[in-house]
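This report concerns only the one structure given below.
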Amino acid sequence: MRIGTITFHCAYNFGSALQTYALRKYLTNLGHDVHVIDYRSADFNGYKIFRGIGVKSFIADLLFLPGNLRRRSSFQSFWHKCFGLTSRTYEGADAERSLAEDLKDYDALICGSDQIWNLDCTLGPVPPFFLSFASDGTKKIAYAPSLSHAKFEEKNFTLEDKKHVSEWLNRFDALSVRELSVAGQFQQLTNKHIVETLDPTLLLNLEDYRHIQAPRLPKKLEAGKYIFAYTLWPNKDMVHYIDKLAAKRGLTIVYYSQKPIRYQSHAINVWGIGPADFLTLIDKANCVISNSFHATVFSILYGKPFLTFGTEKSSSRMRTLLVKLGLPEKHLLPPDFEGGSNVEPFASVLNMARLNNLRADSERFLNDALM
């Protein structure tokens with residue numbers, strides 16, 4: 001089948017890029033011809049590397065220019081190598097009409113994963129992320145989009161929005177989300193049953209990631225001699241904990257941040273790396289400390305010792321992930337964690353039989369939807 005997927009694929013974010021790769025790779029492994037639709041929604045401006053909005057933004061663009069150029073190049077290289085992007089980029093007021101015309105002959109269209117249905121993130125529903133442009137004869141499937149919140153802000157989910165979302169949902173042939181616990185506000189808008197499926201990154205085996213990871217470590221790092229500290233939202237307690245752990249173990253801190261973080265221990269900022277380097281840094285690390293969902297996923301898949309700092313927004317989905325996989329919840333630290341001498345990252349053996357059982361349900365959903 002000829003399949004098009006639409007998601008947040010170009011946000012210069014490791015998780016976004018790798019979940020895009022994972023869904024396409026899974027489908028191509030089944031023998032399908034799969035292309036990632038190069039759609040840029042209006043809020044993509046918030047993810048652009050060079051924004052050029054106002055004096056402060058312009059100064060920041062100049063100040064961080066070398067790292068930002070490396071970042072743009074490494075991500076775009078990954079996209080073009082791994083996504084099978086459509087030849088055309090769709091953006092602006094005419095995007096929906098162009099999508100409808102260019103993709104009318106596709107056998108199936110899949111929206112998801114990532115937070116494309118998080119209306120507080122997208123500032124209201126974005127029609128193409130609900131396959132508004134799909135023709136009646138094309139299979140329409142939602143695979144694991146995340147709503148993230150149990151209740152959206154009223155301004156982002158008005159009565160008019162609900163009417164449109166209801167119409168779009170009722171056109172789908174199969175509906176799934178990443179977290180069923182927050183899907184109630186959409187389920188009440190359709191009689192079609194919404195089910196829960198795995199994040200696409202969990203559909204693949206480790207070999208699929210080793211195949212695309214960078215062949216060597218950046219900055220002449222030595223395997224096993226560093227902590228990979230991936231802090232999407234750095235905080236003082238997290239920085240202090242990482243510093244103490246690095247000093248205790250005699251390790252370098254490898255971190256990723258546009259603005260330098262003031263660690264006391266020896267630290268290397270790898271700002272500018274792409275998804276392939278991200279995988280290698282996890283693979284070769286002594287341990288991984290993060291507050292990222294996807295850094296947690298890949299720490300588990302690679303069998304690395306790890307600790308995840310919870311946040312007010314992310315703790316519930318982190319905990320759900322650990323519970324689903326049968327892993328100890330002590331991998332997850334509470335948002336108010338201030339440090340503790342006995343708390344150290346540790347590895348847990350992934351129960352592959354359990355993961356395969358979870359995969360089976362998601363695989364069955366996709367296979368049935370594509371029949």
Keeping all protein chains in position, work out how much accessible area SER181 exposes to a 1.4 Å probe, and write it in Å² to the nearest 10.
-> 110 Å²
Solvent-accessible heavy-atom area per residue, rounded to whole Å², over the range 213-350 at 1.4 Å | 45 Å²
Diffing the range 77-92: the Karplus 3J(HN,Hα) column from phi (6.51, -1.76, 1.60, θ = phi - 60°), in whole Hz with x for Gly and Pro, holds 4, 5, 4, 6, 7, 10, 9, x, 4, 4, 5, 10, 9, 10, 7, x
On the formula 1/(1 + (r/R0)^6), with r taken between the Cβ atoms of ASN356 and GLN185 and R0 of 45 Å, the FRET efficiency rounded to 0.05 is 0.90
Non-local residues with an amide H under 5 Å from the amide H of GLU196, with H modelled 1.01 Å from N and Pro and chain starts lacking one, are VAL177
Amide hydrogen neighbours beyond the local backbone of ALA174, cut-off 5 Å, H modeled = LYS140, ALA142
Within the accessible area of the chain, what % is carbon and sulfur when the probe is 1.4 Å and the other protein chains stay in place?
-> 50 percent
Hey, which lysines would be in cross-link range of LYS244, C-alpha to C-alpha under 24 Å, not counting anything within fewer than 8 residues on its own chain?
-> LYS219, LYS220, LYS225, LYS236, LYS259, LYS284, LYS304, LYS330
Springs between alpha-carbon atoms under 10 Å, Gaussian network over the chain: tell me which of TYR241, TYR12, TYR226 tops the mean-square fluctuations.
-> TYR241
P(r) of the range 213-350 over all Cα-Cα pairs, binned every 10 Å from zero, in whole percent | 12, 47, 35, 5
Relative contact order (percent) for the chain, with alpha-carbon contacts under 8 angstrom and 6 or more residues of separation?
-> 15 percent
Qualifying GluC sites (Glu not before Pro) for the range 255-350 [loop in DSSP, other Cβ within 10 Å: at most 13] | GLU312, GLU338
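Let me spell out the model: positive unit charges on the Cβ of Lys and Arg, negative unit charges on the Cβ of Asp and Glu, origin at the Cα centre of the chain. What dipole size does that give, in debye rounded to 20? Intermediate values should be presented prior to the final figure.
Details: 44 positive and 38 negative charges, 262 e Å.
Charge dipole, the chain, about its Cα centre: 1260 debye, nearest 20.
Using only helices, what value at 222 nm comes out for the chain when you add -39,500 (n - 2.57) per DSSP H run of length 4 or more and divide by the total residues, to the nearest 500 deg cm²/dmol?
On the way: 12 runs with 134 residues, N = 371.
Mean residue ellipticity, 222 nm, calculated: -11000 deg cm²/dmol.
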For LYS155, which lysines qualify as cross-link partners when the Cα separation must be under 25 Å and same-chain residues fewer than eight apart are set aside?
-> LYS48, LYS163, LYS313
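Over the range 96-210, calculate the relative contact order: mean separation of alpha carbon pairs under 8 Å at least 6 apart, over the residue count, as a percent.
Numbers: 188 pairs, mean separation 29.3, N = 115.
Taking the mean separation of contacting Cα pairs over the length of the range 96-210, I get 25 percent.
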Could you give the nm distance between label points at LYS220 and TRP233, where each point is 7 Å from its Cα heading toward the beta carbon?
-> 3.8 nm
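For ASP161 and LEU85 in one chain, what is 0.36 nm times their gap in residues minus the Cα-Cα distance, to one decimal in nm?
On the way: separation 76, 0.36 × 76 = 27.36 nm, distance 2.96 nm.
Between ASP161 and LEU85, full extension yields 24.4 nm more.
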May I ask for the angle, rounded to the nearest 10°, between helix 236-249 and the longest principal axis of the chain, with both axes built from Cα atoms and the value confined to 0 to 90°?
-> 50 degrees
Quick calc: nm separation of the 7 Å Cα→Cβ label points for LEU206 and LYS151 -> 4.4 nm
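The values are calculated or read from the model by the stated rules, or taken from the named source; none is laboratory data. Values in this document were obtained by computation on a predicted structure and should not be read as measured data. Ideal geometry is used to build each Cβ from the backbone, glycine not excepted, and the neighbour counts take in all protein chains shown. Just so you know, the surface numbers come from the protein's heavy atoms only, side chains and all, with ligands and any DNA or RNA stripped out. Shrake-Rupley method; radii C 1.70, N 1.55, O 1.52, S 1.80 Å.
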